[in-house]
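To keep things clear, I will list the structure first and then write my remarks on it.
The values are calculated or read from the model by the stated rules, or taken from the named source; none is laboratory data. All values derive from a computational prediction rather than experimental measurement. In this analysis, Cβ positions are derived from the backbone assuming ideal geometry, glycine residues included, and neighbour counts consider all displayed protein chains.
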Amino acid sequence: MTINEFLKKYAQDIKDNEREYTADDFYYILKYIGIDKNTTLALEIEKFYESFLNNLGNSLVKYETKKVGMDANIINYIGFYVDKKASYENAVKVYFPVKYEYMISALKTLFLYLIRNSVKAQVKFYVKATNENIVIRFYDSKDVEPFITYCNSNFILEDLLEPVNPFIANIYGIGIVRDDNTLNTYNGTLSLMLEEYFKLLKSEDNLNKASDLDFLDYLIKRGNIEDNETLKFDIKAIEENIRAILNHAEKDLI
């Protein structure tokens, strides 16, 4: 699905069914778009991670962990070689949307890559299937290109990865975005902008106008009038991603 197809689909649904979509609705849609919901590996993924942490505890690797949620809704975080949050102005978030059945082997390989190369990064991963199964926040943007090169050289990415959501620029299927990681995430801000955009079109009785270029124009204007510098940064990041997608210039993001 392209950005244009996404926007036109939901504009038509709002028009035909008088449906109101909130930012939460769009966040949920983006997270599961193209995915069959699956939690069958949740326990197995948790067991692998527990074993990995036990082994890691016997090493000299510096790391910190956090766990959010319960059972099949657990989200795990592990930061390697980090003392504090990454500066959002320098960090790059990478989506590795691995197919659910390959989660454990992908995590094992990615963890080892980060450890062996002493990469400052935080990994977030779900134990259920989403289209953002593994997300890595690189503290230094210079570490992103070598990582993508490594993945492209060692994985058959076309077979390994699910498509990222259409608003995320990708290289070889690996998504690349920036966000502030304090006020909101990339998809969180995107969902808010989608809610605002469709409400504006509906209020103007202009839902037929929905398109990728019109949404890009909205983001530019919205960013120009935003007073909060953090939110302005996030809006600009979405704008740059959409420009890169439409211009097939994803490599310009790193």
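Observations, loosely collected:
- Complete set of residues in the range 111-136 that are touching a helix residue (DSSP H, G or I) at 6+ places or on another chain (Cβ under 9 Å), assigned to a helix (DSSP H, G or I) and surrounded by fewer than 22 Cβ atoms within 10 Å (Cβ to Cβ): Phe111, Tyr113, Ile115
- Test: residue in the range 30-43 that is surrounded by 12 or more Cβ atoms within 10 Å (Cβ to Cβ), among the hydrophobic types (A, V, I, L, M, F, W, C), in contact with a helix residue (DSSP H, G or I) (Cβ under 9 Å, 6 or more places away or on another chain) and at pLDDT below 95: yes
- Taking the criterion of being at pLDDT below 95 and either assigned to a helix (DSSP H, G or I) or closer than 21 Å to Ser141 by Cα (or both), the only residue of the range 161-171 that qualifies is Val164.
- Selected residue (only one of Asn154, Asn224 is loosely packed, with under 14 Cβ neighbours inside 10 Å, modelled with pLDDT of 95 or more and more than 19 Å from Ile245 (Cβ to Cβ)): Asn224
- The number of residues in the range 11-23 being in a helix (DSSP H, G or I) and either out of contact with any helix residue (DSSP H, G or I) (no Cβ under 7 Å at 6 or more places or on another chain) or among the hydrophobic types (A, V, I, L, M, F, W, C) (or both) comes to 7.
- Residue match in the range 186-209 (condition: more than 24 Å from Arg19 (Cβ to Cβ) and at pLDDT 95 or above): yes
- Residue within the range 69-80 that is outside any loop (DSSP other than H, G, I, E, B), at pLDDT 95 or above and surrounded by fewer than 16 Cβ atoms within 10 Å (Cβ to Cβ) present: yes
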